[in-house]
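Undergrad: Dropping the structure in here first, questions after.
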Amino acid sequence: MFDDSVKNQIRTILNPLKERVNILYFTQEFECAMCRDTGEFVRNINELSPKLNLTEFDYLKNPDKAEEFGIERIPAIAIADSGGKDTGIRFYGPPAGYEVNSFLSALLETSGAKQEIPVALMNRIKAVNKPVNIKVFISLSCPYCPEAVIAAHRLALENTNIKADMIDVGVFPHLGVKYNVSGVPKIVINETRELVGAHPIENMLEVIEKL
Amino acid sequence: MNINLNISSFVNEPNFNSISPDKIYDTLIIGGGPAGLTAAVYCMRKGMKTALVLKKAGGQVAETASIENYPGYSYIDGNDLTLKFREQVMQFGIDYAENVSAERIIQGNVKKTLLDNGSAVSSKSIIIATGKKWKKLNIPGEERLINRGVAYCSICDGPLFAGKKVAVAGGGNSGVQAAIDLAKIASVVYLIQHRDRLKADEILVNSLKKFSNVEYLLGHEIREIHGEKEVEKITVENLSGNSSFEIPLNGVFVEIGMIPNTGFLNDVLKLNAFNEIPVDHLCRTEAAGVFAAGDVTDVRYKQIIVAAGEGAKAALSAYDYINFEFV
Ligand SMILES: Cc1cc2nc3c(=O)[nH]c(=O)nc-3n(C[C@H](O)[C@H](O)[C@H](O)COP(=O)(O)OP(=O)(O)OC[C@H]3O[C@@H](n4cnc5c(N)ncnc54)[C@H](O)[C@@H]3O)c2cc1C
């Protein structure tokens, strides 16, 4: 899937990984349409750093694990920290194309190699005290989409009340229809509030604070 | 399955310092495409006190998949070339701000540039290298239905229109390329453009001709986009017959070229009919100490190598200005 030069580039990007990161990949024995590619993708990435630990779960045979992580469909990837604690970060569909950047960023940030966030903003993130679900709808060929995915995932990482899903509309077209996605990225917060375009953390937070 | 690694977003920047509001810089470079980044290398090597502000590193290059005409590379990915440009600037320890836009320039012997983060930069000279951005149709319904069927990035939003009817506005290279990408997945593609001939390169037009689900509306213009929550139909005018009609469809992809980022220059410089900055052969504008380079200028050819070359010229010109003219 990756040639040697790409592998080396990803190794370099993953070099700053601090703590171990657990990658939980949910699939099933009779693989779904995109499961083969997603599986191959995570296995490939997993080999590129000793700090990564991939576990594969059968969605049907392992309903407990799927339920524990609130996995609703496959292929799905959940990210947990070194202690196995859920970060709230989810990828529904393969994080290939431009989303490889969101995936690597999620691994780095979960490990503790984080981009700095201004204190005032961080205080607002920490103050969110109700359950929040952020869905970011993307297509893999969209260069602007990772910005929105990375912002939503960072919110999840900093506050356990917040969960954030990347959803590939190409893999889950029925969700695209259900949520009226006719441009990506599209951000849906708690099923009711919408933001269209690559919005930064501040804008998502403004919507969350008004929920 | 493809992957599009954007390495530059993971590189840390040990050698960038923040811009100081108290310094008077020899030059301020506005824009971080090929023109601005090349200018930065030349200014730093000349030992000028240099500040660089930019919205997005790489400019249009960062949005380009493959480049096959930049010397030294028979093929390079736009992200990779951006990374290389940036690395070369990074070695100097330049004063730098990213994700920041210049909003206004106040002319004077020492010039003041106001930024959208509330700060201001003082400099003896300025190099404007703000490039271009995608143009809108400016017709009723367009603004309201953006991302509700009106799209400006066919590779991003194309997959959402599988099996649907779409229109592409524009028959240049980007319009025809979008039509090719969309013809593979949409049920019908209407290619609409006001000229009666496609302006795109022959090689692109020929590959579009292979699709049987493309309808050509040459000599036509979209007048209005209709729809309540989503795009439902468009009104199209036949320019030769002066008649108009409606087409029911789900998406409109706008690919009608680019306009220069000169909006923030309102009163400082006179622009030409295309809103470009007129420059002379030394990249000088009509205002003393203000230089411009790349796609934002009236230099006819808009290419990476041309923008980079003009960036180098603007830097050397600014150097001469500081040393021999500035008092
Ligand atoms: C899809 C596509 C494919 C292309 N393919 C090729 C190719 O194969 N070969 C080739 O030679 N050329 C190609 N071009 C053209 C080439 O990319 C441009 O000619 C070149 O990028 C121009 O460089 P520039 O530095 O003048 O401007 P830009 O690349 O437009 O960069 C402008 C910079 O200014 C910044 N900016 C804008 N406004 C402000 C502001 N107010 N304040 C601060 N910063 C600001 C932007 O963020 C950006 O950093 C292509 C262009 C496109 C769109």
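Undergrad: Work out the charge dipole of the stretch A:12-99 with +1 on the Cβ of Lys and Arg and -1 on the Cβ of Asp and Glu about the Cα centre, then indicate which of A:Gly83, A:Gly39, A:Pro95 is farthest towards its positive end.
TA: A:Gly83
Undergrad: How big is the A-B contact in terms of buried accessible area, both chains counted, 1.4 Å probe, rounded to the nearest 100 Å²?
TA: Values: alone 10010 and 16610 Å², together 24260 Å².
For A against B, buried area totals roughly 2400 Å².
Undergrad: Of A:Leu108, A:Tyr59, A:Ser182, which is farthest towards the positive pole of chain A's charge dipole, taken about the Cα centre with +1 and -1 on the beta-carbons of Lys, Arg and Asp, Glu respectively?
TA: A:Leu108
Undergrad: Name the residues of the stretch A:104-122 whose amide N is less than 13 Å from a point 7 angstrom out from the Cα of A:Arg11 along the C-beta direction?
TA: Answer for the stretch A:104-122: none.
Undergrad: In terms of the ratio Rg/(2.2 N^0.38 Å) built on C-alpha atoms, what value belongs to the stretch A:103-211?
TA: 1.02
Undergrad: Just to confirm the filter: which trypsin sites (Lys or Arg not before Pro) across the stretch A:147-211 are DSSP coil and have at most 14 other Cβ within 10 angstrom of their Cβ?
TA: Passing sites in the stretch A:147-211 are A:Lys210.
Undergrad: For the protein assembly as shown, what value does the Rg/Rh ratio take when both radii are computed over Cα atoms and Rh is the Kirkwood radius, given to two decimals? Could the numbers behind the result be given before it?
TA: Values: Rg = 24.6 Å, Rh = 25.1 Å.
My calculation of the ratio gives 0.98.
Undergrad: Grab every C-alpha pair in the stretch B:265-327, bin the distances at 5 angstrom width from 0 up to the longest one, and report whole percents.
TA: The percentages, shortest bin first, are 4, 20, 28, 23, 16, 7, 2, 0.
Undergrad: Rounded to the nearest 0.05, what FRET efficiency do B:Ile259 and A:Glu209 have when you use their Cβ-Cβ distance and R0 = 22 Å?
TA: Efficiency, from the Cβ-Cβ distance: 0.05.
Undergrad: Continuing with the same structure: In the stretch B:165-267, which chymotrypsin sites (Phe, Trp or Tyr not before Pro) are in a loop and have at most 16 other Cβ atoms within 10 Å, using DSSP for the loop call?
TA: B:Phe211
Undergrad: In 10 Å bins starting at zero, report the fraction of Cα pairs in the stretch B:64-217 per bin as a rounded %.
TA: 8, 25, 26, 23, 14, 3, 0
Undergrad: Once the Cα gyration tensor of the stretch A:169-211 is found, what semi-axes does its equivalent ellipsoid get, as square roots of 5 times the eigenvalues, in whole Å, sorted largest first? Before the final figure, lay out the partial values.
TA: Numbers: eigenvalues 87, 26, 9 Å².
With the √(5λ) rule applied to the stretch A:169-211, the semi-axes are 21, 11, 7 Å.
Undergrad: Roughly how much of B:Asp181 is accessible, in Å² to the nearest 10, using a 1.4 Å probe?
TA: 40 Å²
Undergrad: Nearest 5 percent is fine: what portion of the DSSP beta bridges confined to the stretch A:26-120 is antiparallel? Provide the component values of the computation, followed by the final result.
TA: Details: 6 of 8 bridges.
DSSP beta bridges in the stretch A:26-120 are roughly 75 percent antiparallel.
Undergrad: Let me ask you something else. In Å and on Cα atoms, what radius of gyration and Dmax does the stretch B:98-175 show?
TA: 19.2, 60
Undergrad: Same structure, new question: For the stretch A:19-105, what is one quarter of the convex hull surface built on the Cα atoms, given in nm²?
TA: Hull-based average projected area comes out at 5.3 nm².
Undergrad: In percent, what relative contact order does the stretch B:166-281 have, based on Cα pairs under 8 Å that are 6 or more apart in sequence?
TA: Working: 213 pairs, mean separation 29.8, N = 116.
In percent, rounded to a whole number, it is 26.
Undergrad: Sticking with this one: In nm², what is the average projected area of the convex hull enclosing the Cα atoms of the stretch B:1-95?
TA: 6.8 nm²
Undergrad: Looking only at the stretch B:216-304, where both bridge partners belong to it, what percent of the DSSP beta bridges are antiparallel (to the nearest 5)?
TA: DSSP beta bridges in the stretch B:216-304 are roughly 95 percent antiparallel.
Undergrad: Follow-up. With all protein chains present, how much of the accessible area of the protein assembly as shown (probe radius 1.4 Å) comes from carbon and sulfur, to the nearest whole percent?
TA: 49 percent
Undergrad: Between Rg and the Kirkwood Rh of chain A, both from Cα atoms, what is the Rg to Rh ratio?
TA: 0.94
Undergrad: In Å², what does the accessible area per residue of the stretch B:229-327 work out to with a 1.4 Å probe?
TA: 49 Å²
Undergrad: How large, in Å, is the stretch B:172-327 by the Kirkwood hydrodynamic radius built from its alpha-carbon pairs?
TA: Roughly 18.9 Å, rounded to one decimal.
Undergrad: Would you kindly state how much longer the chain becomes between B:Phe326 and B:Asn17 on full extension, computed as 0.36 nm times their sequence separation minus their alpha carbon distance, in nm to one decimal?
TA: 108.6 nm
Undergrad: Still on this structure: Of B:Gly131, B:Gln107, B:Val176, which is farthest along the charge dipole of the stretch B:72-196 in the positive direction, counting Lys and Arg as +1 and Asp and Glu as -1 at C-beta?
TA: My answer, from the dipole projection, is B:Gln107.
Undergrad: What whole-number volume per residue, in cubic angstrom, does the convex hull of the C-alpha atoms of the stretch B:89-137 give?
TA: Numbers: hull volume 6.2 nm³, N = 49.
For the stretch B:89-137, the hull spanned by Cα atoms encloses 126 Å³ per residue.
Undergrad: Something else now. What is chain B's relative contact order, in percent, from Cα pairs under 8 angstrom and six or more apart in sequence? Can you show the working numbers first?
TA: Details: 739 pairs, mean separation 65.2, N = 327.
Taking the mean separation of contacting Cα pairs over the length of chain B, I get 20 percent.
Undergrad: So, one more: Subtract the Cα-Cα distance of B:His194 and B:His281 from 0.36 nm times their separation in residues, and report this length gain in nm to one decimal.
TA: Working it through step by step, the gained length comes to 27.9 nm.
Undergrad: For the protein assembly as shown, give the magnitude of the charge dipole about the Cα centre (Cβ charges: +1 Lys/Arg, -1 Asp/Glu; no others), in debye to the nearest 20.
TA: Dipole size: approximately 620 debye.
Undergrad: With the solvent-accessible surface defined on protein heavy atoms using a 1.4 Å probe, which residues belonging to the stretch A:80-117 display a reduction of at least 20 Å² in accessible area in the multichain context relative to the isolated chain?
TA: A:Ala96, A:Gly97, A:Tyr98, A:Val100, A:Asn101
Undergrad: Please work out the average accessible area per residue across chain A, using the 1.4 Å probe convention, and give it in Å².
TA: Accessible surface, normalised per residue, equals 42 Å².
Undergrad: Consider just the alpha-carbon atoms of chain B and return their Rg together with their Dmax, both in angstrom.
TA: Taking only Cα atoms of chain B, I get Rg and Dmax of 21.9, 66 Å.
Undergrad: On full extension of the chain, what length is gained from B:Arg45 through B:Lys84, given 0.36 nm per residue of separation minus the C-alpha to C-alpha distance?
TA: In short, 12.3 nm is gained.
Undergrad: Which loop trypsin sites (Lys or Arg not before Pro) in the stretch B:249-327, with loop taken from DSSP, have no more than 10 other Cβ atoms within 10 angstrom of their Cβ?
TA: Answer by residue number: B:Arg300.
Undergrad: How many Å² of accessible area per residue for the stretch B:45-128, probe 1.4 Å?
TA: 47 Å²
Undergrad: Continuing with the same structure: Let me check against my output: what whole-number percent is the relative contact order of chain A, with C-alpha pairs under 8 Å and at least 6 apart?
TA: Averaging sequence separation for qualifying contacts and normalising by length gives 19 percent for chain A.
Undergrad: Taking the Cα centre as origin and putting +1 on Lys and Arg beta-carbons and -1 on Asp and Glu beta-carbons, what dipole magnitude results for the stretch A:24-155, to the nearest 20 debye?
TA: Values: 14 positive and 17 negative charges, 115 e Å.
Roughly 560 debye for the stretch A:24-155.
Undergrad: Quick check: pseudo-label points 7 Å beyond the Cα along Cα→Cβ at B:Asn213 and B:Asp116, how many nm apart are they?
TA: Those two pseudo-labels are separated by 3.7 nm.
The values are calculated or read from the model by the stated rules, or taken from the named source; none is laboratory data. A quick note: this is a predicted structure, and the numbers were derived from the prediction, not measured. For neighbour counting, all protein chains shown are included, and Cβ atoms are generated from backbone atoms with ideal geometry for every residue, glycine included. For accessibility, only protein heavy atoms count, side chains too; no ligands or nucleic acids. Shrake-Rupley method; radii C 1.70, N 1.55, O 1.52, S 1.80 Å.
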